[in-house]
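Here is the structure we will look at.
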Amino acid sequence: MSKKDKNQKPLEEIRELQNKYLHTLAELENTRKRMQKEKTESLSFAIENTISEFLPLIDNFENALNLANDSSEEVKNWAMGFQMILSQLKDVLHNHGIVPYHSVGNNFDPHLHDAVEILETNDHEPGSVIEEFAKGYKSTSRVIRPARVKVTKKPLENKEDIDVENDQHQDEKENENSCDSGICEKEDENCCNSEKDQDENIKNSKDENIKINK
């Protein structure tokens, strides 16, 4: 082996070790970033779940303040203090990226809305949200609480006619089954008269033949 070949072999080993070192550093950096992302997402998820428990409290504040608008001046003065508290609560939501979204007038979206009531009407397009019982809230990554809404539905046309037609079909089916079994359930109908007449004619013919032979 020449002196040049002896020197070349250590250089190749050094390059291989350098590549392994750089590859290990890259894997460690990716692992660190992934763990940091998971930690941030877990923390954000926990905060959002905790805040979601305070949303009914905010709903009650808003409903109470809406009623206070039609009350006496003394009640309105008290309401101003509660309005400040409500504003502070909303600031906390905003600081964590949680905001309410508008639903009335939009089409129903199962990811954003929870339909608690359905109204059959022709005054609105089917699947339209016409009333909001509770606001929906969402963050930058997910829906914290879907909005509870009333949704429109196209009414059934000629419902009574459909019921009558179904009843008629059911009666016809029952009559067919009765005739097949040789039993007529309704005396005023001739569902099996043809078969009975044939049996009666055959019986009469046999009786006449018996008489003649005698």
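The values are calculated or read from the model by the stated rules, or taken from the named source; none is laboratory data. This one's a predicted model, so the numbers in the text were calculated from it and none came from an experiment. Cβ placement follows ideal geometry from the backbone for every residue including glycine, while neighbour counts extend to all protein chains displayed.
Tabulated data
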{"read-out": "Answer residue from the range 115-148, given it is of a type in the set (Ser, Thr, Tyr) and assigned to a strand (DSSP E or B) and is nearest to Gly97 (Cα to Cα) among those", "value": "Tyr137"}
{"read-out": "Leading residue by the ranking (surrounded by the fewest Cβ atoms within 10 Å (Cβ to Cβ)) among those in the range 81-111 that are modelled with pLDDT of 90 or more and aromatic (Phe, Trp, Tyr)", "value": "Tyr101"}
{"read-out": "Any hit, the range 65-81, residues being more than 29 Å from Glu48 (Cα to Cα), among the β-branched types (Val, Ile, Thr) and under 21 Å from the mean Cα position of the chain (by Cα)", "value": "no"}
{"read-out": "Odd one out for Glu53 among (1) more than 17 Å from Thr140 (Cα to Cα); (2) surrounded by 15 or more Cβ atoms within 10 Å (Cβ to Cβ)", "value": "(2)"}
{"read-out": "Single unsatisfied condition, Ser71 versus (1) in a helix (DSSP H, G or I); (2) surrounded by 11 or more Cβ atoms within 10 Å (Cβ to Cβ)", "value": "(1)"}
